[in-house]
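Nothing in this text is a laboratory measurement; each read-out follows from the coordinates by a stated rule. Keep in mind the model is a prediction, meaning the values are calculated, not measured. Neighbour counts run over all protein chains shown; Cβ positions are idealised from the backbone, glycine included.
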Amino acid sequence: MSQLQEFCFTPSEFAKLARIDKEVLPILEDQGLIETFRRKSGNVDRKMITLESAQAYFHRVRDAKFQGMTFEPEIGRRGDQPLTDVAAGPQVPILAAEEVQKILDRLMDTPVAHPPHHKKQMFYNVKGGTGKSTLTAQYVMRASMMGYRVLAIDLDAQGHLTLNLDVLDGHELPTIYDVLINDLPIQDAIISVSPGLDLVPASLGLCNIEIPLNSKPRREYRLAEALERVQDQYDLIVTDTNPAASILNNSMLVAADLVNVVCATSPLSFHGMSLVLSTIQQMEKEFRRQLALRIIPNMYDNREVISQEVLGELRSQFSEYCTKTVVNRCADLNEATKRRSTVWSVNARGTAANDIDALTEELLFT
Ligand SMILES: Nc1ncnc2c1ncn2[C@@H]1O[C@H](COP(=O)(O)OP(=O)(O)OP(=O)(O)O)[C@@H](O)[C@H]1O
Ligand SMILES: [Mg+2]
């Protein structure tokens, strides 16, 4: 099990994730919609929200279960405990039931109340080292914190997504090889990483998939067909691919709704973009598909002229595809990779955490 399940939010972090005002939190707590606990760190006693409680909150927002709730005519007391009691935490405003209902109704208008715009997504670039696995890992962890049921799939024999998600025994587990070549039901290749996040891991054996896959009937459709068998169990399916124009990657181009091309803001990465885009267009033509496309500028360094130039070129040549979010080069992402954890555990207020937050919202809701 990954370290992610130990994750807790401060009230501000949770409010930011849920897109609500921090002031609403005591009301949600009073209504039993979130649970908090107190954690002592040094001399400071802080209110925290567990991952499980945050996910349960998002599920309720999406299920619109508030509508059936009944409220006390006046709130402001939790059980027999008057909320002026200091130990009970910040005072809950005294609100009429209709006002509480109005606040809850507003929660259902936030983007997090909706399913992802594109269910099957892939991170892709035939060029290596642009940040595909790093961004995939942080994205799937963030989406699962928001209560989405996420399936991550590692299609790279290097197994970097598998490692980033803190699965260390990946080499002993079945991979997509077993599904596509040995007809293993995909359900049997799925492992649980943390609550709400599942994974089809990868290991070195995946290196040998191209030759047997090449001779399989309907080779490019096999992955799409396997995913169809489990897609109803998930809100989001995200794949990390290998840095090549391989049959395995092409299979995901046949299965995906959205391709997220990760482009480092370096001249060579920019140079490879025409090849990447023409590969995607060729696949669309051959398999009569229309894919949504995003180009994510990564490893941007605003102190480097070359980084600024490449970003400018990306935005002028591919303006319709470029994400608004630019992921800056930031040591926190390397640190998160090293610790096999999230950027929020490294530094929840840092540049990398902000960039991944913005990217997650953009890839989920636009
Ligand atoms: N925005 C960033 N800031 C700093 N380091 C980053 C950033 N994005 C990625 N990295 C680092 O760059 C290295 C390569 O990233 P990653 O392995 O995700 O690339 P990749 O495209 O998946 O590579 P491959 O093509 O080999 O699969 C890693 O060490 C990762 O921590
Ligand atoms: Mg990778």
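Stretch Asp105-Ser278 to full length: gain in nm at 0.36 nm per residue minus the Cα-Cα span? Could the numbers behind the result be given before it?
Values: separation 173, 0.36 × 173 = 62.28 nm, distance 4.54 nm.
Stretched fully, the Asp105-Ser278 segment lengthens by 57.7 nm.
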> Dipole of segment 115-365, Cα-centred, from +1 at each Lys and Arg C-beta and -1 at each Asp and Glu C-beta, to the nearest 20 debye?
Replying inline: 340
>> If you scale each eigenvalue of the Cα gyration tensor by 5 and take the root, what three semi-axes come out for segment 115-365, rounded to whole angstrom and sorted largest first?
In response: 27, 22, 16
>> Can you give me the distance in nm between label points at Ser215 and Asp45, each placed 7 Å from the Cα along the Cα-to-Cβ direction?
In response: 7.0
>> Of the candidates Val259, Val343, Val305, which one comes out as most mobile in a Gaussian network treatment of the chain with C-alpha springs shorter than 10 Å?
In response: Val305
>> Residue by residue through segment 349-354, what is 3J(HN,Hα) from phi via Karplus (6.51 cos²θ - 1.76 cosθ + 1.60, θ = phi - 60°)? Round to whole Hz and write x for glycine and proline.
In response: 9, x, 4, 5, 4, 5
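Given 0.36 nm per residue, what is the gain on full extension from Leu168 to Gln231 after removing their alpha carbon distance, in nm?
Values: separation 63, 0.36 × 63 = 22.68 nm, distance 2.56 nm.
Gain on stretching Leu168 to Gln231: 20.1 nm.
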> Short version: ³J(HN,Hα) in whole Hz for each residue of segment 256-272, in order, from phi by Karplus 6.51 cos²θ - 1.76 cosθ + 1.60 (θ = phi - 60°), x for Gly and Pro, what are they?
Replying inline: 7, 9, 9, 10, 9, 8, 8, 10, 5, 7, 10, x, 5, 5, 4, 4, x
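Pairs of alpha-carbon atoms within less than 8 angstrom and 6+ residues apart define the contacts here; what relative contact order does segment 282-366 have, in percent? Present the calculation step by step, with values, prior to reporting the outcome.
Details: 80 pairs, mean separation 21.6, N = 85.
Dividing the mean separation by the residue count of segment 282-366 yields 25 percent.
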>> Please compute the contact order of segment 207-366 in relative form: average sequence separation of alpha-carbon pairs under 8 Å and at least six residues apart, divided by the residue count, as a percent.
In response: 17
> Share of antiparallel DSSP beta bridges in the chain, in percent to the nearest 5?
Replying inline: 35
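Summing +1 for each Lys or Arg and -1 for each Asp or Glu, what net charge is found among the other residues whose Cβ lies under 12 Å from the Cβ of Leu17? Mind dumping the intermediate values first?
On the way: positive: Lys16, Arg19, Lys22, Arg142; negative: Glu13, Asp357, Glu361.
Cβ neighbours under 12 Å give a net charge of +1.
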> Between the helical axis of 97-107 and the dominant principal axis of the chain, each derived from Cα atoms, what acute angle in degrees is found, rounded to the nearest 10?
Replying inline: 10
>> Tell me the net charge near Phe37. Cut-off is 14 Å between Cβ atoms, Phe37 excluded, with +1 for each Lys or Arg and -1 for each Asp or Glu.
In response: 0
> What are the residues whose amide H is under 5 Å from the amide H of Ala264, where those residues sit 5 or more places off or on another chain and H is modelled from the backbone?
Replying inline: Asn298
>> Give me the net charge for the shell around Asn214: Cβ to Cβ below 14 angstrom, other residues only, Lys and Arg +1, Asp and Glu -1.
In response: +2
>> Along the charge dipole of the chain, pointing to its positive end and built from +1/-1 on Cβ of Lys, Arg, Asp and Glu, which listed residue (Ile181, Ile237, Gly128) has its Cα farthest out?
In response: Gly128
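In which sequence would Cys207, Cys322, Cys330, Cys263 go, from the one with the fewest C-beta neighbours within 10 Å to the one with the most?
Exposure proxy ranking, most exposed first: Cys207, Cys322, Cys330, Cys263.
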> In nm, to one decimal, how far is the modelled label at Ala64 from the one at Arg339, with both set 7 Å along Cα→Cβ?
Replying inline: 4.0
> With springs only between Cα atoms under 10 Å, which of Met122, Met283, Met146 fluctuates most in a Gaussian network model of the chain?
Replying inline: Met283
>> For Cα pairs less than 8 Å apart in space and 6+ apart in sequence, what is the mean separation divided by the residue count of the chain, i.e. the relative contact order in percent?
In response: 17
> When Leu25, Leu277, Leu33, Leu161 are ordered from fewest to most other Cβ atoms inside 10 Å of their Cβ, what list results?
Replying inline: Leu277, Leu33, Leu25, Leu161
> Ranked by Cβ crowding within 10 angstrom, fewest neighbours first, how are Phe287, Phe7 ordered?
Replying inline: Phe287, Phe7
> Considering the dipole of the chain built from charges on the beta carbon (Lys and Arg +1, Asp and Glu -1) around the Cα centre, which of Asn250, Ala137, Ile191 is farthest to its positive end?
Replying inline: Asn250
